[in-house]
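For reference, the structure discussed in these notes is given below.
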2 protein chains.
Amino acid sequence: MKYTDADQGPSDTAEEIMEATLRALRKHGYANLTMQAIADEFDKTKAVLHYHYDTKDELLVAFLDYLLDRFIRRLDFETIDDPDARLSALVDRLLLEFDDDTSDETAPGFPAALLEVRAHAPHNDSYREQLTLNYELLKDMLTTIIDDGIEQGVFNPVDSEQTATLILAAIMGGRDYYSTTNRECVGEEVRDALQDQFLSELRTSDRT
Amino acid sequence: MKYTDADQGPSDTAEEIMEATLRALRKHGYANLTMQAIADEFDKTKAVLHYHYDTKDELLVAFLDYLLDRFIRRLDFETIDDPDARLSALVDRLLLEFDDDTSDETAPGFPAALLEVRAHAPHNDSYREQLTLNYELLKDMLTTIIDDGIEQGVFNPVDSEQTATLILAAIMGGRDYYSTTNRECVGEEVRDALQDQFLSELRTSDRT
DNA sequence: GTCTATAAGAAGATAGAC
DNA sequence: GTCTATCTTCTTATAGAC
């Protein structure tokens, strides 16, 4: 899992395959994500997929890596010094602005695609390992922000790990409900609930 | 979606098929959930499945109904009057005691099975409608408990809907992380975080 | 209602030409 | 590296006997 980006760019075939796989997944869903469906999403044939990846499973493991890399890279918000603003920005990114794909408005978005792959982790050790690392990375990010906030006196002295765990779980739950129900506003609702019922208490002074 | 239980019991073939489908799903995962795999889990043949359900899709829609019915029925905890104790019991049920299947310790449990089906909601309108109803049912349950608690003076006067939204999102996020990562303790961690960092603030007096 | 047998198509994967 | 063509297996679904 490479969360760095020192490569030459997204111009080689492997990268094109990953992009095609994402398009195919959004169109057909994980259950109907065939090699043919992936091949149909770019200008080469099915055989090319097997040239670059021995098996479909191998391709999908690489694809989850691609998804998580993309997911994390998307969080690289402009550096904000204030831990309070930084935390709010992170929450907003994860709960509101998670649809960066404007290619096809009808197909499910990125969070749904990620959810579909995530859901198969119980039956795939590689998936579970990647997702465990991703969870710990996110939790560390949140814990650090909260610790910084406490140190700078903008947050009350709480258990930063527990606080991070709770925020992260709420965010993920909100994302999942957004993808799996018709309540399209659930992202905003969870964001507002998190802000009004929890983060407001976390702040030392409630500066509106 | 029938959350009532006025039937004659789980003795007919349709019920057996649902139970077999759950076993097959836990064993093989949604991606490899074939009609043959389901048939192998009970004492009748594949043709019987098509006799009772015209298509595989139809069977799976009925199966999600069965899963959600089971999920909700499992929450029927002994009637607790105190809203505080009732809320804690509900949170514990959803985050700790969700593995009621002791049939196969190696296969993923019930929450993972439900997650796998849930994940396909973006591509299945029937799934999404059922899951929307389920979300609203859970949220109403939580909202009612919180309103009762406020009325009885055991909870502070908060926005009960926002509070329910936040608790529900955290619970679902915790369940999903439990199923998709190797952090087997994440259920307990989210429960503790919810209790120590949020519910303790909700109570009018912090009675340990 | 349940069985066996089979149709009809789609899946992952490979062979060999270019 | 990429193509076309093909192999083999698996899939959903049905037909017809009991």
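The values are calculated or read from the model by the stated rules, or taken from the named source; none is laboratory data. None of these values were measured; they are calculated from a predicted model. Heads up, the Cβs are rebuilt from the backbone with ideal geometry, glycines too, and the neighbour counts pull from every protein chain shown. Surface areas here come from the heavy atoms of the whole protein model, side chains and all, with no ligands, DNA or RNA. Shrake-Rupley method; radii C 1.70, N 1.55, O 1.52, S 1.80 Å.
Values computed for the structure shown
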| quantity | calculated |
| --- | --- |
| Relative contact order %, chain B, counting alpha carbon pairs below 8 Å whose residues are six or more apart | 20 |
| Accessible area of the protein assembly as shown belonging to carbon and sulfur atoms, whole % at 1.4 Å probe | 44 |
| In the B-A interface, the accessible area buried, summed over both sides, Å² (probe 1.4 Å) | 4300 |
| Inter-centroid distance (Cα atoms) of segment A:146-197 relative to segment B:51-69, Å | 35 |
| Solvent-accessible area per residue for segment A:36-170 (1.4 angstrom probe, square angstrom) | 43 |
| Translational diffusion of the protein assembly as shown, µm² s⁻¹ [Kirkwood Rh, Cα pairs; Stokes-Einstein; 37 °C; 0.692 mPa s] | 145 |
| Relative contact order, percent, segment B:13-65 [alpha-carbon distance under 8 Å, six or more residues apart] | 33 |
| Rough spin-label spacing in nm, given labels placed 7 Å along Cα→Cβ, for A:Ala31 and A:Gln152 | 4.7 |
| Burial order of peptide ranges A:37-44, A:76-83 (average beta-carbon count within 10 Å, highest first) | A:37-44, A:76-83 |
| Positive minus negative residues near B:Leu94 (Lys, Arg vs Asp, Glu; Cβ under 10 Å) | +2 |
| Shape parameters for segment A:42-118, alpha-carbon atoms, Rg then Dmax in Å | 16.4, 51 |
| Long-range Cα-Cα pairs in segment B:71-208 (distance over 25 Å), rounded percent | 29 |
| Equivalent ellipsoid, segment B:13-65 (semi-axes from 5 times Cα gyration tensor eigenvalues, Å) | 14, 12, 10 |
